[in-house]
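The values are calculated or read from the model by the stated rules, or taken from the named source; none is laboratory data. Just so we're clear, the structure is a prediction, and the values are computed from it rather than from any experiment. With ideal geometry, Cβ positions are generated from the backbone for all residues, glycine too; neighbour counts draw on all protein chains shown. Areas reflect the complete protein model, heavy atoms only, side chains present, ligands, DNA and RNA absent. Shrake-Rupley method; radii C 1.70, N 1.55, O 1.52, S 1.80 Å.
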Amino acid sequence: MKKTLLFLMLITVAETVWSQDSLKFDKGKLLDYYQAQQYAEASDYLKGIYKEDTENPKELSELGYAFLMAGKLPEAEKNYLQLYAKDSASIPVLYSLADINIRRGNNSQAKKYYLQALKADSTNYITYKQLSKLTKADLDINRIEYLRKASDLNPEDAEVAFDLAELYFKMNYMDRAAAVIAPALKADTSNLQLLKMSMPINTAEKKYSEAIETGQKLLSFGDSSTFVLNNLGKAYYLTLDYKNALKYFLLIKENMNDREALYYNIARSYRGVRDYSNAVVYLQKAINEGVSPLAASYYGLLGDSFENLSKNEDANKAYKKGLDFENDGSLLYNIALVYETKLNDKKNAISYYEQYLKTIDKAKQPKLVKFINTKIEDLKR
């Protein structure tokens, strides 16, 4: 009986060990989780197999990856830090730790890991690319240098090419911007981001036909964005093709940010086709857009400040300047009041009260109309 029990216990232990070993080597199940993007399930699966205090690098790596993909960042970091303690020059480990810190908002720590990766391997363009993303200021010399090195190591990377070309464009280094864009665009001729970046660069280099060709290509791809239409219009205008310039400028929706520049370009194009009536309309729109809607208020406050300093001539000059921007009546009244009460100029006071009277809604403000008319009558005596 005892022998039978011992035999059964041995079988049970053997089955348990065999079962655990089988689970450890069931890579197919783990792969199924990954392919289905069930990373939380994958991490739970591995936790059930590996010892909690494991120091096996392979197991730590598998656990770290599963936790990272599942978004369980503290657990992922714990495993990767154990790997880091064993090998602080491991590029995959440094990248994973940097990624974890970026996702947790600790960019400064992430940058430290990437700089360590750079010491371990200065020929990996990904490290330079990631460092450029963590260097926020556009024209930071370090960011430019990181992008330049990444571009030198992999000139076909579209994202790096775009970012570096954009910086060179802002710095007015058009030849450098064009040189950076060229190999990346050659590798991916349908990359909309690179095509769009090349348009203003070509225009700046006076390669107008290339800018137009690129713009038409973008339109054929379905990109009729304000950026594309605006750059097409500019390129056509600079080739003196005012008709086409006007065509593309007029396609731009007027709710764009820089309406002043749009109206100005439309006005210039209308002048190019000798349509001066429309040129006047759009130049007036451009002027209105270029002036702050608060300009009249600013001059009103300026005039009032001069009044309080007893500089009444200067006060009226400021009020009159405000009339160039908006005539809501209040400035006319202020001018009339200064002429009446401070400059003793009845003639001009009457003139401005009469102008003010025309701005009043007689049906809604009959008492005010009566008050101003009384003032005018008194001044005429």
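With θ set to phi - 60°, apply the Karplus curve 6.51 cos²θ - 1.76 cosθ + 1.60 along the stretch 243-259 and write out the HN-Hα couplings as whole Hz, x wherever there is a Gly or Pro.
4, 6, 4, 4, 4, 7, 5, 6, 7, 6, 5, 6, 8, 5, 5, 9, 6
Considering only C-alpha atoms, what is the centroid distance from the stretch 177-224 to the stretch 307-356, in Å?
56
If you take the alpha carbon radius of gyration of the stretch 211-365 and divide it by 2.2 N^0.38 Å, what ratio comes out, to two decimals?
1.53
Where does each of SER277, SER292 land when they are ordered by accessible area, with a 1.4 Å probe and the largest first?
I get SER277, SER292, largest accessible area first.
Expressed as a whole percent, how much of the Cα-Cα distance distribution for the stretch 34-105 exceeds 13 Å?
Tail of the P(r) past 13 Å holds 60 percent of the pairs.
Could you please tell me the mean projected area of the C-alpha convex hull for the stretch 33-154, averaged over all directions and given in square nanometres to one decimal?
Projected over every direction and averaged, the Cα hull of the stretch 33-154 covers 8.2 nm².
With a 1.4 Å probe and every protein chain left in place, tell me how much accessible area SER310 has, in Å² to the nearest 10.
90
What is the percent carbon and sulfur in the accessible area of the chain, measuring with a 1.4 Å probe over the protein chains and ignoring ligands?
Reported share for carbon and sulfur atoms: 52 percent.
Over the heavy atoms of GLU354, what accessible area does a 1.4 Å probe trace out, to the nearest 10 Å²?
Counting only protein heavy atoms, GLU354 exposes about 80 Å² to solvent.
As a test of reading the structure, rank VAL280, VAL291 by solvent-accessible area (1.4 Å probe, protein chains only), most first.
Details: VAL280 75, VAL291 45 Å².
Listed by decreasing accessible area, they come as VAL280, VAL291.
In terms of the Cα gyration tensor, with a ≥ b ≥ c the square roots of its eigenvalues, is the stretch 144-199 rounded because a/c is under 1.5, prolate because a/b exceeds b/c, or oblate?
oblate
Please compute one quarter of the surface area of the Cα convex hull for the chain and express it in square nanometres.
That works out to 36.7 nm².
For the stretch 95-160, max minus min Cα coordinate along each principal axis, in Å, sorted largest first?
The principal-axis extents, from largest down, are 30, 26, 19 Å.
Answer with one residue from PRO74, ALA110, GLN38: the one whose Cα lies farthest towards the positive end of the charge dipole of the stretch 32-125, charges on Cβ with Lys, Arg +1 and Asp, Glu -1.
ALA110
Quick check on the chain: helices-only [θ] at 222 nm, where DSSP H runs of length 4 and up contribute -39,500 (n - 2.57) each and the sum goes over total residues. Nearest 500, please.
Rounded to the nearest 500, the figure is -24000 deg cm²/dmol.
When the convex hull of the C-alpha atoms of the stretch 122-256 is computed, what volume per residue in Å³ does it have?
109
Just THR189, THR341, THR214 to compare: in a GNM of the chain, with alpha carbon springs under 10 Å, which one fluctuates most?
Largest GNM mean-square fluctuation: THR341.
On the first, second and third principal axes, largest extent first, how far apart are the outermost C-alpha atoms of the stretch 91-200 in Å?
Largest first, the stretch 91-200 extends 39, 25, 23 Å along its Cα principal axes.
Suppose accessible area is computed on protein heavy atoms with a 1.4 Å probe; arrange GLU77, GLU326 from highest to lowest.
GLU326, GLU77
So, taking all protein chains as they sit and a 1.4 Å probe, how much accessible area belongs to THR359, in Å² rounded to tens?
In the full protein context, THR359 sits at about 60 Å².
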